[in-house]
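A quick write-up on the structure given underneath.
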Amino acid sequence: MFSAIVLGLLAATVSCSPIQQRQLGGTSSTSDELQNGDCRDVIFIFARGSTEPGNMGATVGPATCDALKESLGDDAVACQGVGGAYLGDLGSNALPDGTTQAALDESTKMFNLASSQCPNAKVVASGYSQGAAVMAGSVGKLDAAVMAQVKGVVLYGYTKNLQNGGAIPDYPEDQTKVFCNASDGVCSGTLMVTAGHLTYTTDVPEAASFLEEKISSATSTGSSSTTSSAASSSSSSASGLGGLFGF
Ligand SMILES: *[C@@H]1O[C@H](CO)[C@@H](O)[C@H](O)[C@H]1NC(C)=O
């Protein structure tokens with residue numbers, strides 16, 4: 001509970017940061033391009049962090065969407081946030097899955113929609129903070145045919161990083177990449193938010209490149225990639241603002 005309050009303090013900092021300006025020329029904090037009926041070559045499904053606005057948030061969500069669109073073409077990528085029953089409230093971070101069952105169901109619904117509406121699209125996904133837990137708790141439980149359409153997932157500030165060994169349970173590790181700053185307390189099994197939890201926009205180009213590589217290798221040969229970089233930057237450091245807050 002106490003740590004959830006800390007998450008809130010820092011999430012408020014995020015929403016006031018200059019990073020938010022980034023979205024002005026591109027994707028906003030809400031994007032429903034899949035739900036609005038578009039089938040494009042690539043569908044990007046994103047779950048925002050706690051207290052972030054809209055269904056995409058205001059940091060890595062819109063930025064990752066924009067990066068994919070810049071590389072692959074605006075008309076080639078449909079960005080869809082996980083909204084609806086995923087409330088992104090702070091208290092849900094403390095639940096065993098790091099979020100609610102309703103949030104996991106909402107995420108599953110988006111993947112199922114992508115599959116039923118656009119069976120030929122390549123799906124990639126991402127989540128930040130509680131949104132990373134939303135992805136981790138839903139992607140590996142998708143029906144086999146739906147999961148097969150999901151070519152890659154990137155997680156930023158993964159709140160279940162330690163618990164899940166830097167991976168997504170029951171989803172291929174070579175299709176997963178976790179961005180966890182060494183100083184981000186949530187990556188080492190606590191809900192302590194430190195300065196490192198707020199730096200992930202700098203990782204967006206690398207994250208987008210990873211997803212693009214998964215998309216293109218899926219196009220050509222199915223699943224011949226040999227990359228395995230999940231959790232490469234994880235660490236269990238618990239310094240930073242945690243100390244400041246007296247944890
Ligand atoms: C990690 O977070 C720290 C702040 O704690 C920041 O100075 C640093 O640039 C971040 N590292 C990366 C690779 O983003």
field: Filter pass, GLU206 being in a helix (DSSP H, G or I), free of Cβ contacts under 8 Å to residues at least 60 places away in the same chain and acidic (Asp, Glu)
entry: yes
Single unsatisfied condition, MET192 versus (1) more than 15 Å from the ligand (Cβ to nearest atom); (2) touching a residue at least 12 places away in the same chain (Cβ under 8 Å): (1)
- prompt: (1) outside any loop (DSSP other than H, G, I, E, B); (2) touching a residue at least 60 places away in the same chain (Cβ under 8 Å); (3) surrounded by 21 or more Cβ atoms within 10 Å (Cβ to Cβ): which one isn't true of LYS160, the others all being true?
  reply: (1)
message: Please count how many residues of the range 76-105 are of a type outside the set (A, V, I, L, M) and more than 24 Å from GLY26 (Cβ to Cβ).
response: 11
task: Pull up the range 172-192, narrow it to residues that are of a type outside the set (D, E, K, R) and assigned to a helix (DSSP H, G or I), then point me to the one that is surrounded by the fewest Cβ atoms within 10 Å (Cβ to Cβ).
output: SER188
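Read the figures in this text as sums done on the coordinates, not as results from a lab. Quantities reported herein were computed from a predicted structural model and do not represent experimental measurements. When we count neighbours, we look across all protein chains shown, and the Cβ atoms used for this are built from the backbone with ideal geometry, even at glycine.
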